[in-house]
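Reading through the structure tokens given below for one structure.
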Amino acid sequence: MTMPMERENDAIDIRLSHLSQLFDSIDPSPFREGRLTADAEEYFLRRVGAQPRNQPVRIVIHLPAEEMTRSPPFDVAAALIGHFTACAAGEAKSIRESIRTWRQAALIGFVVLSICLFLAWQIANNLPARPATRILQESFVILGWVSVWKPIETFLYELLPPGKRRRQRLLLRLSSAEVVVRY
């Protein structure tokens with residue numbers, strides 16, 4: 001996607017030759033809002049991420065005059081805001097779903113770990129000391145720790161990193177942006 005861009009008073013300033021540079025589809029049916037291209041969405045996220053957090057977001061889109069006569073009319077500002085609002089809601093839902101899934105996996109994993117450690121302890125205390133007994137005991141210990149592997153991995157590498165939450169904050173900032181369309 002080739003969009004000449006420049007900064008004007010810290011606004012995200014975009015000059016387009018046609019709307020298809022910004023939106024995948026601008027056909028209002030079956031959806032009222034257009035869907036931003038992946039490149040455009042990432043560009044907006046990068047630009048907002050580079051701005052100070054307390055600075056309000058302002059997007060200025062320059063379009064040729066023939067885009068104004070489009071039939072049916074297309075509300076670019078509403079489509080942009082709608083897209084970012086939907087994306088922020090989707091990101092929040094994804095985070096909630098990840099946490100819910102992690103809680104379930106952690107509960108199951110720690111119950112299985114507890115049972116396996118109890119069985120290993122029972123084997124060590126109630127069966128004669130033989131190599132087969134030791135193998136059985138260690139097998140339960142290993143099985144127990146493997147059962148909590150995924151919940152721990154999910155917690156450390158998916159829930160703790162701030163990437164998802166940062167993306168959600170950027171999308172929320174974009175959803176409340178002032179969008180100006182100039183023809």
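Read-outs throughout are calculated quantities, based only on the coordinates presented, and are distinct from any laboratory measurement. For clarity, every value in this text was computed on a predicted model and none was experimentally measured. For neighbour counting, all protein chains shown are included, and Cβ atoms are generated from backbone atoms with ideal geometry for every residue, glycine included.
Packing order of peptides 36-49, 78-91, highest average first: 78-91, 36-49 (average count of other Cβ atoms within 10 Å over each peptide's residues). The dipole here belongs to the chain: it is taken about the Cα centre, uses +1 on the Cβ of Lys and Arg and -1 on the Cβ of Asp and Glu, and is about 880 debye. In the chain, helices alone account for a calculated mean residue ellipticity at 222 nm of -19000 deg cm²/dmol, with every DSSP H run of four or more residues adding -39,500 (n - 2.57). Between residue 182 and residue 104, the FRET efficiency estimated from the beta carbon spacing at R0 = 41 angstrom works out to 0.20.
Simple point charges give the picture: +1 on the Cβ of Lys and Arg, -1 on the Cβ of Asp and Glu, and for region 135-183 a dipole about the Cα centre of about 520 debye. Relative to the longest principal Cα axis of the chain, at what angle does helix 76-126 sit, 0 to 90 degrees, rounded to 10? It is inclined by approximately 0 degrees. Can you tell me what share of the DSSP beta bridges in the chain is antiparallel? A percent to the nearest 5 is fine. The antiparallel proportion sits near 40 percent. Ranking 11, 113, 61 by Cα position along the charge dipole of the chain, where only Lys, Arg, Asp and Glu carry charges on their C-beta atoms, puts 113 farthest toward the positive end.
Taking other C-beta atoms within 10 angstrom as a stand-in for reagent exposure, 154, 69, 133 fall in the order 69, 133, 154, fewest first.
Taking 25 °C and 0.890 mPa s as conditions, the chain diffuses translationally at an estimated 121 µm²/s according to Stokes-Einstein applied to its Kirkwood radius (Cα pairs). Taking the number of Cβ atoms within 10 Å of each Cβ as an exposure proxy, the fewest-first ranking of 76, 181, 57 is 181, 57, 76.
This ranking places 147, 98 by how few other beta-carbon atoms lie within 10 Å of each, fewest first, which gives 98, 147. Where does the Debye-calculated log10 I(q)/I(0) of region 91-166 sit at q = 0.19, 0.23 Å⁻¹, using only Cα point scatterers of equal weight, no solvent? So the normalised log intensities work out to -0.76, -0.93. Summing +1 for each Lys or Arg and -1 for each Asp or Glu among the other residues whose beta-carbon sits under 15 angstrom from that of residue 107 gives +3.
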